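The values are calculated or read from the model by the stated rules, or taken from the named source; none is laboratory data. Since the model is a prediction, treat every value here as computed from it, not as a measurement. Neighbour counts are summed over all protein chains in view; Cβ atoms, including those assigned to glycine, are modelled from backbone coordinates with ideal geometry.
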Amino acid sequence: MSSSETASPQEVAAALFAALNARDLDAVAALQHDDVFDHFVVIGDYRGKPAVRAFFEELFGALPDGRLDVVRITGDAEYATVQWRATGRFTGAPFQGVHATGRPIDLEGADVMHIVDGRLKDNTIYYDGLKFARQIGLLPTEKTMADKALMGGFNLKTDAASGVASLLSRAKTGARST
């Protein structure tokens with residue numbers, strides 16, 4: 001590619017993932033627009049280079065050995081979709097307020113990147129947040145006694161709240177008819 005050519009969205013996406021795996025946040029920033037917008041469906045929104053950088057600094061601190069391996073990249077003239085696999089061990093600093101548990105993670109996800117003029121404009125990131133929470137120990141392992149107890153407690157609370165709402169509704173209706 002000559003210096004006058006703009007990188008394709010797929011090339012930009014590959015370069016972003018390579019920079020992330022190298023922990024080179026300056027290289028990541030060079031591939032982003034100043035007003036870049038990352039929407040992590042499970043976690044929240046990060047607007048602008050400083051916010052996105054802070055997110056990845058936190059992630060790298062929490063997963064010192066973490067990797068984001070590209071499974072495949074597809075795209076067109078404006079978008080790249082990256083299917084990825086994240087692995088590592090939660091042994092470092094807290095992440096999103098959760099202290100390190102030492103447990104391994106192994107997640108699959110996808111980024112849908114909007115590339116404008118050879119740089120990332122916005123990105124929507126999808127992965128299974130429930131699986132992540134279970135893997136780091138924030139939630140119990142599926143189908144264990146702890147999981148069943150948590151689900152039972154939640155359903156009991158939901159049923160009780162629904163019953164109270166129904167009683168209040170009937171009481172209000174009854175009060176109007178008298």
Next on the checklist: On the basis of being over 27 Å from GLY97 (Cα atoms), at pLDDT 95 or above and either surrounded by 18 or more Cβ atoms within 10 Å (Cβ to Cβ) or under 15 Å from the mean Cα position of the chain (by Cα) (or both), does VAL52 make the cut?
Outcome noted: no
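Among the listed residues GLY44, GLY92, GLY97, identify the single one that is touching a residue at least 12 places away in the same chain (Cβ under 8 Å) and assigned by TED's automatic domain parsing to the domain that holds ASP122. Show your work before the answer.
Values: GLY44 fails: touching a residue at least 12 places away in the same chain (Cβ under 8 Å); GLY97 fails: touching a residue at least 12 places away in the same chain (Cβ under 8 Å).
Exactly one residue qualifies, and that residue is GLY92.
Could you check how many residues of the range 38-80 are of a type outside the set (Lys, Arg) and closer than 13 Å to ASP111 by Cα?
Number of matching residues: 14.
Of everything in the range 13-28, what is at negative phi and either within 19 Å of the chain's Cα centre (by Cα) or outside the structural domain of LEU120 (by TED's automatic domain parsing) (or both)? Give them in sequence order. Show your work before the answer.
Applying the first criterion (at negative phi) to the range 13-28 yields 13-22, 24-28.
Scanning the range 13-28 gives ALA13, ALA14, LEU16, PHE17, ALA18, ALA19, LEU20, ASN21, LEU25, VAL28.
Just one of ASP122, ASP159, ASP128 is modelled with pLDDT of 95 or more and over 18 Å from GLN96 (Cβ atoms); which is it? So that I can check it myself, show each step before the final result.
Working: ASP159 fails: modelled with pLDDT of 95 or more; ASP128 fails: over 18 Å from GLN96 (Cβ atoms).
So the residue among ASP122, ASP159, ASP128 that is modelled with pLDDT of 95 or more and over 18 Å from GLN96 (Cβ atoms) is ASP122.
Tally time: how many residues in the range 63-82 are farther than 20 Å from ALA22 by Cβ and in contact with an Asp or Glu (Cβ under 9 Å, 6 or more places away or on another chain)? Before you say what the answer is, go through the steps one by one.
Taking the range 63-82 as the starting set, the residues that turn out to be farther than 20 Å from ALA22 by Cβ are 72, 74-79, 81.
From what's left, in contact with an Asp or Glu (Cβ under 9 Å, 6 or more places away or on another chain): 81.
Adding up the residues that qualify gives 1.
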Next on the checklist: When you scan the range 122-130, do you find a residue that is touching a residue at least 60 places away in the same chain (Cβ under 8 Å), among the hydrophobic types (A, V, I, L, M, F, W, C), in the same structural domain as GLU57 (by TED's automatic domain parsing) and within 23 Å of ALA29 (Cα to Cα), even just one?
Outcome noted: yes
Checklist entry - Taking the range 38-49, which residues are touching a strand residue (DSSP E or B) at 6+ places or on another chain (Cβ under 7 Å), loosely packed, with under 15 Cβ neighbours inside 10 Å and part of a strand (DSSP E or B)? => result ASP45, ARG47
Item to check | Wholly enclosed strands (runs of 3 or more DSSP E) of the range 65-178 bearing at least 2 residues within 14 Å of the chain's Cα centre (by Cα) and surrounded by 10 or more Cβ atoms within 10 Å (Cβ to Cβ) | outcome: 79-89, 104-116, 119-127
